[in-house]
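Visitor: Sharing a structure here in structure tokens format.
Each value in this text was obtained by applying a stated rule to the coordinates, not by laboratory testing. Being a predicted model, the structure only gives us computed values, none of them experimental. Every residue, glycine as well, gets a Cβ built from its backbone with ideal geometry; the counts of neighbours run over all protein chains shown.
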Amino acid sequence: MWALIVERLWYFATHLPREMHNARQQWISGLTDGSWAASSLRRLILSEVNLSARQNLRLIQTLMQVLPLLGLLGTVWGMVQVFEMLTVFGTGNARLMASGISRATIPTMAGLVAALSGLYFSVSLRVRAKRKLEELGDELSTRTEFDV
């Protein structure tokens, strides 16, 4: 998840400005008198930039939802091991049982920490993509052949 977040941050810092510049140049070079052709070109340009900007954002959100579940799976696995120790050593050793339970809760905490730490960046990246696309859309809709 963090590799995808870093990749998206890198993309927004370096590649997206270049893509937006190329989109502006494509818009200026393809501008015609026909409103239908200009509208189609605008939609095409915005769709291409939208696909590029939103790449991997859904995967990051999915990983954020799956990580706590994987942590719970680790906890269940740890509790099964605690119960196996109880069958071998009995219920008389409370210290052994407490240490096993505390070790069983670590995967849940790790899953939650990983998911919550990615939440800020996921929302931030999604908002940034939306803002940049709106900015480009406004710029392309206000620019006409007289601006060239």
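Visitor: What does the net charge come to around L59 if you take all other residues with beta carbon closer than 15 Å to its beta carbon, with K and R at +1 and D and E at -1?
Guide: Net charge around L59: +3.
Visitor: Quote to one decimal, in nm, the extra length available between Q65 and I28 on full extension: 0.36 nm per residue of separation minus the C-alpha distance between them.
Guide: This chain segment gains 9.1 nm when fully extended.
Visitor: Still on this structure, I have one more. What 222 nm value per residue comes from the helices of the chain, counting each DSSP H run with n ≥ 4 as -39,500 (n - 2.57) and dividing by all residues, nearest 500 deg cm²/dmol?
Guide: That calculation yields -30000 deg cm²/dmol at 222 nm.
Visitor: Let me ask you something else. Relative to the compact globular guide of 2.2 N^0.38 Å, what is the alpha carbon radius of gyration of segment 7-56, as a ratio?
Guide: It is 1.27.
Visitor: So what's the angle, to the nearest 10 degrees on a 0 to 90 scale, between helix 94-142 and the longest Cα principal axis of the chain?
Guide: 10
Visitor: Please state the charge dipole magnitude for segment 16-147, taken about the Cα centre, from unit charges on C-beta atoms (+1 on K and R, -1 on D and E), reported in debye and rounded to the nearest 20.
Guide: Value, rounded to 20: 400 debye.
Visitor: Say R0 is 22 Å: what FRET efficiency, to the nearest 0.05, do E84 and I106 get from their beta-carbon distance?
Guide: About 0.80, to the nearest 0.05.
Visitor: Rg to Rh for the chain: what is it, with Cα atoms only and Rh by Kirkwood?
Guide: Looking at the chain, the ratio lands at 1.34.
Visitor: On C-alpha positions alone, give me the angle between the axis of helix 35-53 and the longest principal axis of the chain, in degrees, nearest 10.
Guide: For 35-53 against the chain, the angle is about 30 degrees.
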